Amino acid sequence: MPEAWDIVVVGAGPAGSTLAARLAARGWSVLLLDQARFPRRKICGEYFGPGCLPLLEEIGAAAEVLRRAHRSLGIRAVSPGGVEFSAAYRQAEPAFSLPREELDSILLERARRQPPVTVREGLRVEAPVVEDGVACGVVARQGGGKPVVLRARVVVGADGRNSVLARRLGLFRWNGGHRRFSVGLHWEDVNPASAYGEIYAGRGLYGILNQQGHGRANLSIVCGQERVGIWKGNLENGLKALMNELPRLRDRLEGARPAERVHALGPLAHEAVRPGAPGVLLVGDAAKFYDPFTGEGVYMALLDARLAARTIEAALRQGGLTQELLRRHARRRNQQLGLRYAVQSLIQRILACPRSADVVARLLAGQEGLAERLLEFLGGARHRPWNKAGAA
Ligand SMILES: Cc1cc2nc3c(=O)[nH]c(=O)nc-3n(C[C@H](O)[C@H](O)[C@H](O)COP(=O)(O)OP(=O)(O)OC[C@H]3O[C@@H](n4cnc5c(N)ncnc54)[C@H](O)[C@@H]3O)c2cc1C
């Protein structure tokens, strides 16, 4: 094992594991760390659009993911006023659902099998090591053990929504204009009804029910901070109250059984003021997360990891991750993901006004092909790899 690596990647979620696999396939030595031991849980709606598969194919993980996944044909949605519409994907790659324990473990194993990647689980990073203004490693600790310094030429923060690297570098900020919280759990004995993801929008909240096969389904309800008080101390009662605000969803789950305790998370929206600092690049949720409504988080993390691989290779060849490279990366990231964040924000503005949500739902229900085009955009179905031949 080398004393120092080309890259240390903090966080082995979809962003970190796929980035590690890509960089190692190009011959760079990578240390991939996670505070958790896999398989580990991750709060998520577990709905993944068709655009994920070509990106997973680039690292050789698509076939296994697809073998285990439950396929979804499209989305059915109900607006606050009860207007219904549905949209199906028209292209070959399917949308799918898979528990995050499984998806993330497949991706971590894919990275682990790609030399020269070294994987360390159960290792919590506490801070970056910064010398002369440039990050050159991390301080990490296993359980209650002594802190160790791990050195690398480039440090990657793929450490998700609570990114310790973004916080320690002073880059982290909450999105004060969009303070949303989620509650959720898996259900059993859910009537399969259809092979569509289901969205139930209400007044200031929405629920997403995502079937996973064999009567199992994932439910997430997302609402504003003003409702958090109702579940304080008793998440089960809080969930009941929220479901009473979404009667179609409540009725849909008649006869189904909770498969676990209810969990809650929030606030959800945050971002880094810049996607990195000299020597450090932030990737996936560590760089930004807005809202789970469109189910694009993992797709965007995979896209971001591919973009980051390019920037990091340039940094390693040119002698470091400089401010100039970071500025270029920020521009490219904005070109690639900026429109997605803008559409997410527009959808949230529409949902904030139930009447507008009903009008838009009527438009989507009435105009043939419009809902399909929106769904395909959100799911990345029209995505074309920037470098299919170089599939690393
Ligand atoms: C309620 C909710 C529902 C969602 N539903 C969907 C959905 O249906 N579809 C979808 O595509 N996306 C969804 N998302 C978004 C999606 O979960 C994220 O966008 C995605 O997980 C981002 O991947 P990542 O690799 O950047 O981060 P993560 O998956 O969060 O991985 C970060 C990793 O870093 C590790 N880590 C953290 N801190 C440290 C540390 N200090 N030291 C070492 N390791 C550390 C963690 O253990 C973790 O394994 C949802 C999000 C929420 C909140």
Which ³J(HN,Hα) values in Hz, rounded to whole numbers, follow from the phi angles of region 262-268 under the Karplus curve 6.51 cos²θ - 1.76 cosθ + 1.60, where θ = phi - 60° and Gly and Pro get x?
6, 10, 9, 8, x, x, 8
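Based on a Kirkwood Rh over C-alpha pairs, give the Stokes-Einstein translational diffusion coefficient of the chain at 4 °C and viscosity 1.567 mPa s in µm²/s.
Estimated via Stokes-Einstein, D reaches 60 µm²/s.
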So for V280, V164, fewest C-beta neighbours within 10 Å to most, what's the order?
V164, V280
Total lysine pairs whose alpha carbons fall under 29 Å of each other in the chain (8 or more apart, or interchain)
7
In whole Hz, what ³J(HN,Hα) sequence does region 74-88 give by Karplus (6.51, -1.76, 1.60; θ = phi - 60°), x for Gly and Pro?
x, 10, 10, 10, 10, 7, x, x, x, 6, 10, 8, 9, 8, 10
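Note down the net charge around I59, summing +1 for each Lys or Arg and -1 for each Asp or Glu among other residues with Cβ under 10 Å from its Cβ. Provide the component values of the computation, followed by the final result.
Numbers: positive: R22, R110, R306; negative: E57, E58.
Net charge around I59: +1.
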Roughly how tilted is helix 235-244, in degrees to the nearest 10 and between 0 and 90, from the longest Cα axis of the chain?
50
Residue order, fewest to most beta carbons within 10 Å, for V149, V78, V262, V125:
V149, V262, V78, V125
To test your reading of the geometry: what angle, between 0 and 90 degrees and rounded to tens, separates the Cα axis of helix 14-25 from the longest principal axis of the chain?
40
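When only DSSP loop residues count, what GluC sites (Glu not before Pro) in region 1-106 have their Cβ near at most 10 other Cβ atoms within 10 Å? Walk me through the numbers before you get to the answer.
Values: sites: E3, E46, E57, E58, E64, E84, E101, E102; in loops: E3, E46.
Answer in residue order: E3.
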Using per-residue counts of other Cβ atoms within 10 Å, averaged over each peptide, order 29-41, 241-253 from highest down.
29-41, 241-253
Take the Cα radius of gyration of region 1-110 and divide it by 2.2 N^0.38 Å, with N its residue count; two decimals is plenty.
1.30
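Please state, as a whole number in µm²/s, the translational diffusion coefficient that the Stokes-Einstein equation yields for region 180-265 at 37 °C and 0.692 mPa s, with Rh defined as the Kirkwood radius across alpha carbon pairs. Please report the intermediate quantities before stating the final value.
Working: Rh = 12.9 Å.
The estimated diffusion coefficient comes to 255 µm²/s.
No lab work stands behind these numbers, since they all come straight from the coordinates. Keep in mind the model is a prediction, meaning the values are calculated, not measured. Quick reminder, even Gly has a Cβ in these numbers, built from the backbone with ideal geometry, and neighbours come from all protein chains shown.
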